[in-house]
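Structure first, commentary second.
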Amino acid sequence: MKIAVGSDHAGVELKRFVLSWLEKHGYDFEDMGPYSAESVDYPDYGHKVAEAVACGDFDQGILMCGTGIGISIAANKVKGIRAANVCNPEYAALARQHNNANVLAFGARFNDEASVAKILESWFASEFEGGRHQRRIDKIEFCC
């Protein structure tokens, strides 16, 4: 499984932890930036990660900004992306199980390393359940 990882400046420090966690657990990943805490615009990195997942270069994405809100909104503008801004392990599991989320987002200002580790464990341990949930995913994908 290949994971694309990105953040804005607010998420750079926590992203370093995420990259270390992914490496420790044997995941193939790419840090798509930024690489310093210099101010950047979260949509640039939200789009970059989302497009990499949507075009099939990566299986999933992980994004973080100060709250996780802006970067998840930006990612969700890319067709085929279902980015979920999660706040705990239960949300992470349900985002995968019920919504077939392919991009995980969270707020760097509201999570510490211990909580992020639990969110990542839950995210990667969960799989889409299909069934009645697929009908709802199909409705999300509808575009007029």
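Rank-order 100-108, 114-122 by packing density, defined as the average count of other C-beta atoms within 10 Å over each peptide's residues, highest first.
100-108, 114-122
Which percent of the accessible heavy-atom area of the chain goes to carbon and sulfur, probe 1.4 angstrom?
50 percent
With the cut-off at 1.5 for a/c, could you classify the stretch 68-144 from its C-alpha gyration tensor as rounded, prolate or oblate?
oblate
Between rounded, prolate and oblate, where does the stretch 1-112 land on the alpha carbon gyration tensor, with a ≥ b ≥ c its root eigenvalues, rounded for a/c under 1.5, else prolate if a/b exceeds b/c?
It comes out rounded by the Cα gyration axes.
Can you tell me the dipole magnitude for the chain around its Cα centre, using point charges on the Cβ only (Lys, Arg +1; Asp, Glu -1), in Debye to the nearest 20?
Here the chain has a charge dipole of around 560 debye.
Using just the helices of the chain, give the 222 nm mean residue ellipticity in deg cm²/dmol: DSSP H runs with n ≥ 4 each add -39,500 (n - 2.57), and the total is spread over all residues, rounded to 500.
Calculated from helices alone, the mean residue ellipticity at 222 nm is -14000 deg cm²/dmol.
Can you list residues whose amide H is under 5 Å from Ile62's amide H, if they're 5+ apart or on another chain and H is modeled 1.01 Å from N?
The list, which skips near neighbours in sequence, is Ala4, Val5, Gly6, Leu104.
Put +1 on the Cβ of every Lys and Arg and -1 on every Asp and Glu Cβ in the stretch 6-144; which of Ala75, Ala50, Ala95 then has its Cα farthest towards the positive end of the dipole?
Ala95
Packing-wise, with mean Cβ within 10 Å as the measure, how do 48-56, 28-36 rank, highest first?
48-56, 28-36
What nm distance separates the two modelled labels at Cys55 and Asp138, each placed 7 Å from Cα along Cα→Cβ?
Spacing of the two 7 Å Cα→Cβ label points: 3.0 nm.
Give the aspartates and glutamates whose C-alpha is closer than 15 Å to that of Lys77, dropping any in the same chain fewer than 8 places away, or say none.
Partners within reach: Asp44, Glu51, Glu141.
The values are calculated or read from the model by the stated rules, or taken from the named source; none is laboratory data. All values derive from a computational prediction rather than experimental measurement. Positions of Cβ are generated from backbone atoms using ideal geometry, with glycine treated the same way; all protein chains shown enter the neighbour counts. Quick note on the areas: whole protein, heavy atoms, side chains included, nothing else; ligands and nucleic acids left out. Shrake-Rupley method; radii C 1.70, N 1.55, O 1.52, S 1.80 Å.
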